[in-house]
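The structure under discussion appears below in the form of structure tokens.
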Amino acid sequence: MAEGNIAERINTLLKFYKVTPRVLGKMFGVSESTIRRWTKGKGTSRVHRLNALDKLEKMMERSCGSLKRDRAWEWFHANNECLRGISPIEHIIKYSPQGFDQILDMLYSITFGFPA
């Protein structure tokens, strides 16, 4: 999903994950005001260096393939025993950058029928 301009990509992530710019900023490791600027197409040259954008989009695609769209949103926000009782979004924030890869691994497991 690396196509499209950065503002569109960021706005898509905000809508899909149903998070505020503040939370998405934490997932990226940037401030809320930076996310707000990016959603308006300002100052986006830095975002190209953020691997997090591609990983969040990959998670979005994988979750839609593994779960129904509404169920994917619930899964990202629900506390998960496999993550020591925190949600996947909280896990990404707490353990970034490894958190992205761990959540992607969980989504691949779900795809193949393993609980996560």
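Miscellaneous remarks
- Of all the listed residues (Ile6, Ile10), the sole one being at pLDDT 90 or above, surrounded by 13 or more Cβ atoms within 10 Å (Cβ to Cβ) and hydrophobic (A, V, I, L, M, F, W, C) is Ile10.
- Selection count, the stretch 26-47, where residues are among the charged types (D, E, K, R), surrounded by fewer than 19 Cβ atoms within 10 Å (Cβ to Cβ) and within 22 Å of Glu90 (Cα to Cα): 2
- Selection status of Arg71, under 19 Å from Phe114 (Cα atoms) and surrounded by fewer than 17 Cβ atoms within 10 Å (Cβ to Cβ): yes
- Within the stretch 44-51, at least one residue is closer than 18 Å to Phe100 by Cβ, among the hydrophobic types (A, V, I, L, M, F, W, C), touching a residue at least 40 places away in the same chain (Cβ under 8 Å) and in a helix (DSSP H, G or I).
- Val23 surrounded by 12 or more Cβ atoms within 10 Å (Cβ to Cβ), over 21 Å from Phe114 (Cβ atoms) and without any contact (Cβ under 8 Å) to a residue 40 or more places away in the chain: no
- Of all the residues in the stretch 59-69, those that are of a type in the set (Lys, Arg) and assigned to a helix (DSSP H, G or I) number 2.
- Count of residues meeting criterion [of a type in the set (Ser, Thr, Tyr) and outside any helix (DSSP H, G or I)] in the stretch 70-116: 2
- Condition broken by His91, with the remaining ones in (1) out of contact with any Gly (no Cβ under 8 Å at 6 or more places or on another chain); (2) free of Cβ contacts under 8 Å to residues at least 40 places away in the same chain satisfied: (1)
- Of all the numbered requirements in (1) in contact (Cβ under 8 Å) with a residue 40 or more places away in the chain; (2) in contact with a Leu (Cβ under 9 Å, 6 or more places away or on another chain); (3) closer than 24 Å to Asp105 by Cβ; (4) not in a loop (DSSP other than H, G, I, E, B), Ile10 misses one, and that requirement is (3).
- Filtered residues of the stretch 61-74 (kept if within 12 Å of Leu107 (Cα to Cα) and over 12 Å from the mean Cα position of the chain (by Cα)): Cys64, Gly65, Ser66, Leu67
- Any chance Ser33 is of a type in the set (Gly, Ala, Ser) and out of contact with any helix residue (DSSP H, G or I) (no Cβ under 7 Å at 6 or more places or on another chain): yes
- Matching residues in the stretch 81-103 - criterion: being among the aliphatic types (A, V, I, L, M) and either farther than 23 Å from Arg22 by Cβ or touching a His at 6+ places or on another chain (Cβ under 6 Å) (or both): Leu83
The values are calculated or read from the model by the stated rules, or taken from the named source; none is laboratory data. Note that the coordinates shown come from a computational prediction; the quantities given were computed from them, not determined experimentally. Don't worry about glycine lacking a Cβ; one is built from the backbone with ideal geometry, like all the others, and counts go over all protein chains shown.
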